[in-house]
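Enquirer: Next up is a structure, given as structure tokens.
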Amino acid sequence: MKIFTTAALAATLAASTATADNIVEIASGNDDFSTLVAAVDAAGLVDTLAGEGPFTVFAPTNAAFAALPEGTVESLLEPENKDQLTEILLYHVVSGEVPSSAIEMGTTGVGTVAEKQVCVTNDKGSVMLEDGMGEMATVVTADIEADNGVIHVIDKVILPGDGATC
């Protein structure tokens, strides 16, 4: 079932990119990103991520958000937690467009817009991220082109913690 979901997501996103929409429009057009879109809206980042860019976004799916401890998403969406939500979302964004072909073999530290590092590992084409909490996320669909950058779909929400050390 997971293979079908990933394949369906890739097909839907590939169709979305044909219109050269921006990152927010692509995410908004796919039900698998409804939690991400709600979070981006609650954090007030819609205009930023729909802006000129370019950006590279590591986009967690709804299933990735659902895997967080119970009540986490609801808590982050509350207005009093906007700063924490914003930091988490910006930890998923890198300035500049980084297609998968530009990710070197091995592990590289990459600075995020949240001003914290994430470790990106390319192991023979399989790309994983280690976050500031020491947790790993996998890129399940790479290179969704937008007119203001690129989206790489990940299977886990990454958290800044103290920042990854690569």
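Since every read-out is calculated from the coordinates, none of them should be taken as a lab result. Since this is a predicted model, take the numbers as computed values, not measurements. Here the Cβ positions follow ideal geometry from the backbone for every residue, glycine too, while neighbour counts run over all protein chains shown.
Enquirer: Could you give the length gained by full extension between Ala102 and Lys82, i.e. 0.36 nm per residue of separation minus their alpha carbon distance, to one decimal place?
Expert: 3.9 nm
Enquirer: While we're on this one: Pop the C-beta distance of Asp162 and Asp47 into the FRET formula with R0 = 25 Å and round what comes out to the nearest 0.05. Walk me through the intermediate numbers first.
Expert: On the way: r = 30 Å, r/R0 = 1.19.
After rounding to 0.05, the efficiency reads 0.25.
Enquirer: Taking only complete DSSP H runs, can you tell me which helices of the chain stretch 18 Å or more along their own long axis by Cα positions and average at least 0.0 on the Kyte-Doolittle scale?
Expert: Span-like helices here: 2-17.
Enquirer: Of the GluC sites (Glu not before Pro) in the range 83-136, which ones lie in a loop per DSSP and count no more than 14 other C-beta atoms within 10 Å?
Expert: Those that pass, being in a loop and sparsely packed, are Glu104, Glu115, Glu135.
Enquirer: Cβ under 13 Å from Gly134's Cβ, Gly134 left aside: what net charge do those residues give with Lys, Arg +1 and Asp, Glu -1? Intermediate values should be presented prior to the final figure.
Expert: Working: positive: Lys156; negative: Glu130, Asp131, Glu135, Asp162.
That sum, taken over residues with Cβ under 13 Å, equals -3.
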